[in-house]
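Below: the structure, in structure tokens.
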Amino acid sequence: MVDVIDGLYREGTPIKDTKAPGGPIDKRWETRKFEAKLVNPANRRKLSVIVVGTGLAGGAACATLGEAGYNVKAFCYQDSPRRAHSIAAQGGINAAKNYKEDGDSVFRLFYDTVKGGDYRARESNVYRLAEVSASIIDQCVAQGVPFAREYSGLLDNRSFGGVQVSRTFYARGQTGQQLLIGAYQALQRQVAAGTVQMNSRHEMLELIVVDGRARGIVTRDMVTGEIETHLADAVVLATGGYANLFFLSTNAMGCNATATWRAHRKGAYFGNPCFTQIHPTCIPVSGDHQSKLTLMSESLRNDGRIWVPKDPADREKDPRTIPEQDRDYYLERIYPSFGNLVPRDIASRAAKYQCDAGKGVGPGGRGVYLDFADAIARFGRKTVEERYGNLFDMYQQITGDNPYETPMRIYPAVHYTMGGLWVDYDLQSTIPGLFVAGEANFSDHGANRLGASALMQGLADGYFVLPNTIRDYLAAGPFPEVPDSAPAVVEAREAVQQRIDHFLSTKGTRSVDSFHRELGQILWEYCGMERTEAGLTKAVEQIRALRADYWKNVRVLGGNEQVNQSLEKAGRVADFMELAELMCIDALHRRESCGGHFRAESQTEDGEALRDDEAFAYAAAWEFSGPDAPPVLHKEELVYEFVEMKQRSYK
Amino acid sequence: MKINLKIWRQAGPNATGKLVTYRLDDVSPDMSFLEMLDVLNEQLIAKGEEPVEFDSDCREGICGMCGLVINGEPHGPRVTTTCQLHMRSFKDCDTITIEPLRADPFPVLRDLVVDRSPLDRIIAAGGFISVSTGAAPEAHATPVPKKNADRAFDTAACIGCGACVAACPNAAAMLFIGAKVTHLGELPQGQPERAARIVKMLNQHDAEGFGGCTNVGACADACPKSIPFDVISQLNKDLRTSLVRGL
């Protein structure tokens, strides 16, 4: 066995994507679709697919696979598939339509995404994403998604953080909601057609792997507590990201990593767990009772100007009384060509530095101003209201302040995770038959995601990519029937039952939430916007201690055969604890700064992120080797044939 | 702030429920309503009592998962979702009664959690445009006048929370259906299935046990997304057209 590195992990053999065809990048997807085996329409209903999660990726995949005639079983933990957290995305969805004739193209969207991801994503996957983006808009418009339109009746576009073209389609500040409802309605249409069997209020608690293939899942019915076995020819996880590790994040209360983490424990490698995104424009924390953070779409940065008082003594003053010359519009000053539209990681860190320097505003001094006074003077209140009305209302609802009259206060918050289960070009994980779509995989955003690209990836995977790649796998099916008595099934069910029994019988002293909150504080402190060797080492120790205490000391009341949200959370937090440790190990081992991962030891003289392409131009795919054993690192080398690797500059 | 709470507790779908009184002594006006309940639950767990079960997910007012009847009003005194209601809307020493969304088609599962799956089945019956993936024409092929696109958006903003049903004395889901038929009916893409859509959705509505609309208007008052009451006029108009065509 190879040595343990830094006392934390081992290095295994390199890993490679074997599915993307070589050759010209603009022909790869077409070639792969042609080479992927077909399934005769008459045989499709004999093939079954489990889809876990019904957000943009999962909902779109269910609808499309159902339309194709496969036998789909869908699962979500919410009471309806329409509630998945894709619904909360506000700003928009990118597509290379070039409707504005401003120089956009598939290649430019590809280029911007690779660059925005700080050269840590696989070229062929990103190109495909850009390539299918235009079809997504066509599909959504045909479904009745009410995108914003101009008076001509044609679709409107806007520009979004980190890019210089207008390629973002939007539906006021509720784009995610409208896209999800489109996918949900398409899914419900298949439910009525009988191709999709929907199981809401069901949580996946274990993956079933038989003879090396993913063949099913174990779920808990969240109303009756019944533990159920569901078997199929393939399993798709579209269960979203793991930002809820931090307790305070912009994710929904129920967002969790249990499905992906259970799959990881069964052999699926986890890619780049340390790549998390901190969103610059969220409503600041108001007190200890805070249960989650609310994002304000960064489209606000198109018209709002970010500033802090030059003099820390002014931070308590009414911002409207601070004259122009005493304000520091620090993004416009430091990054003159991108100004307030610099990528998310840069905007977030800049806000942190201003607050660290004592210029932060609002409770606790953790906030900066986002000011619309100039925009209202220039365009009039009505136009600003049309563009951002619902965001302004939401801000006022939460803070009690009216942003039409006084500047908003914003602060960064954890928002999205670029890391996720490692997948090949076919979106298949290292477990054959286990596919991963949307935020749950690691595939397209590298070390940092550009604004309005999450919706694009979710729908690209769900509508266009997965349905085309999964058929290559299903063509070899149906696979031999798995009896309920199969050892893999029995073992998975027992593992689920044991965990539930443990939580209900521990009778400790602390609630699940109190542990979760503490875990979040450790991560925000040491694995948040800025990370250091010493801090991460400390975080690993603290997480281990917290995890040990959790298993002995958690208090979950009530029983299994009832709605029991403490019990649901208990399983999720147990998995968060293990994933949090891996995240810190990944952050420790990556001794470079790139995208959302900022290592204080690796920065340029003027404080910008400094990549180390010699040592780290790879995706880290982690293999599970036991709850207390060092994980094994498999490196996937990233080769850039079409985009030259450059140090990012937004100045 | 000090707050007195009377909360509906019910052990399961077939159990008898009752209002139970609790008291919180240290409520911040900046807390959201659900954060106030989180605080209560932490205190209950510390005392060894089972926490109050209630649904919530995004806590940003968009997913539609939350929905409590607060002092008799779905989502409480303001035009917003329960999760976006803040304690600054209440006064020190207020007594607040919290019940689940009440309607026969929404059975209580436990405490404040109800089953709203009938709404999903109404959508499945016809609340969509039938376009399979890949079959779509180029997005700019059909311009949509801004006026129609805006009206489609306003009505598509429905979050499916069910407050309209709970507010209605007849437990009708007409605002919910009206919003959907108006959203899809405003768009050229929604025309081919328009006449059949309304009939299918209404048949499912009746089969689920929702009541009829008697133009009370409580639904639109309770709607956290301000879906306008006139979508029900649109619904009736579309229905007349369908009936004339013998659908």
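For the reader, a short list of remarks on this structure follows.
- Any hit, the stretch A:53-61, residues being away from chain B (no Cβ under 11 Å), surrounded by 24 or more Cβ atoms within 10 Å (Cβ to Cβ) and at positive phi: yes
- Residues of the stretch B:87-105 classified as open to solvent by 10 Å² or more (accessible area, probe 1.4 Å), under 21 Å from B:Asp26 (Cβ atoms) and not polar (S, T, N, Q), total: 6
- Test: B:Thr81 is touching a His at 6+ places or on another chain (Cβ under 9 Å) and either within 30 Å of A:Val132 (Cβ to Cβ) or more than 9 Å from chain A (Cβ to nearest Cβ) (or both): yes
- Wholly enclosed helices (runs of 4 or more DSSP H) of the stretch B:128-206 bearing at least 3 residues at the interface with another protein chain (Cβ under 7 Å from one of its Cβ atoms): B:146-156
- Check on A:Ala89, farther than 20 Å from A:Tyr425 by Cα, of a type outside the set (D, E, K, R) and open to solvent by 10 Å² or more (accessible area, probe 1.4 Å): yes
Residues are listed down the side, and each one gets a yes or a no for (1) open to solvent by 60 Å² or more (accessible area, probe 1.4 Å); (2) closer than 30 Å to A:Thr229 by Cβ; (3) in contact (Cβ under 8 Å) with a residue 24 or more places away in the chain:
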residue	(1), (2), (3)
A:Tyr9	no, no, yes
A:Pro14	yes, no, yes
A:Asp17	no, no, yes
A:Gly23	no, no, no
A:Asp26	yes, no, yes
A:Thr31	no, no, no
A:Lys37	yes, yes, yes
A:Asn40	yes, yes, no
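- Which numbered condition B:Arg59 misses (of (1) touching a strand residue (DSSP E or B) at 6+ places or on another chain (Cβ under 8 Å); (2) within 22 Å of A:Thr224 (Cα to Cα); (3) at the interface with chain A (Cβ under 9 Å from one of its Cβ atoms)): (2)
Rundown of residues vs (1) more than 30 Å from A:Gly69 (Cα to Cα); (2) hydroxyl-bearing (Ser, Thr, Tyr); (3) open to solvent by 10 Å² or more (accessible area, probe 1.4 Å), yes/no style:
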{"site": "A:Gly420", "(1), (2), (3)": "no, no, no"}
{"site": "A:Phe435", "(1), (2), (3)": "no, no, no"}
{"site": "A:Ser453", "(1), (2), (3)": "no, yes, no"}
{"site": "A:Gly458", "(1), (2), (3)": "no, no, no"}
{"site": "A:Tyr463", "(1), (2), (3)": "no, yes, no"}
{"site": "A:Gln497", "(1), (2), (3)": "yes, no, yes"}
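- In the stretch B:19-44, the residues that are on the phi < 0 side of the Ramachandran plot and within 7 Å of another protein chain (Cβ to nearest Cβ) form Cβ pairs under 8 Å with partners that are of a type in the set (Val, Ile, Thr) and open to solvent by 10 Å² or more (accessible area, probe 1.4 Å), at six or more places apart or across chains, as follows: B:Met31/B:Val39.
- Total residues in the stretch A:272-296, condition closer than 21 Å to A:Gly446 by Cβ and assigned to a loop (DSSP other than H, G, I, E, B): 4
- In the stretch B:25-51, the qualifying residues are those that are among the aliphatic types (A, V, I, L, M) and touching a helix residue (DSSP H, G or I) at 6+ places or on another chain (Cβ under 6 Å), and the one that is surrounded by the most Cβ atoms within 10 Å (Cβ to Cβ) is B:Met31.
- Residue that is surrounded by the fewest Cβ atoms within 10 Å (Cβ to Cβ) [pool: residues in the stretch B:62-77 that are in contact with a Pro (Cβ under 9 Å, 6 or more places away or on another chain) and more than 8 Å from chain A (Cβ to nearest Cβ)]: B:Asn71
- Taking the stretch A:325-438 and the helices (runs of 4 or more DSSP H) fully enclosed by it, the elements with 3 or more residues that are free of Cβ contacts under 8 Å to residues at least 60 places away in the same chain and among the polar types (S, T, N, Q) are at A:381-399.
- Checking each residue in the stretch B:1-18 for being open to solvent by 40 Å² or more (accessible area, probe 1.4 Å), within 14 Å of chain A (Cβ to nearest Cβ) and over 18 Å from B:Asp115 (Cβ atoms) picks out only B:Met1.
- Top-ranked residue in the stretch A:153-204 [being surrounded by fewer than 21 Cβ atoms within 10 Å (Cβ to Cβ) and under 27 Å from A:Phe107 (Cα atoms); ranked as nearest to the other protein chains (Cβ to nearest Cβ)]: A:Leu154
- Entirely in the stretch A:511-626, the helices (runs of 4 or more DSSP H) that have 3 or more residues that are within 14 Å of chain B (Cβ to nearest Cβ), out of contact with any His (no Cβ under 7 Å at 6 or more places or on another chain) and farther than 13 Å from A:Phe246 by Cα: A:565-589
The values are calculated or read from the model by the stated rules, or taken from the named source; none is laboratory data. Remember, predicted model here, so these are calculated numbers, not experimental data. Ideal geometry is used to build each Cβ from the backbone, glycine not excepted, and the neighbour counts take in all protein chains shown. Quick note on the areas: whole protein, heavy atoms, side chains included, nothing else; ligands and nucleic acids left out. Shrake-Rupley method; radii C 1.70, N 1.55, O 1.52, S 1.80 Å.
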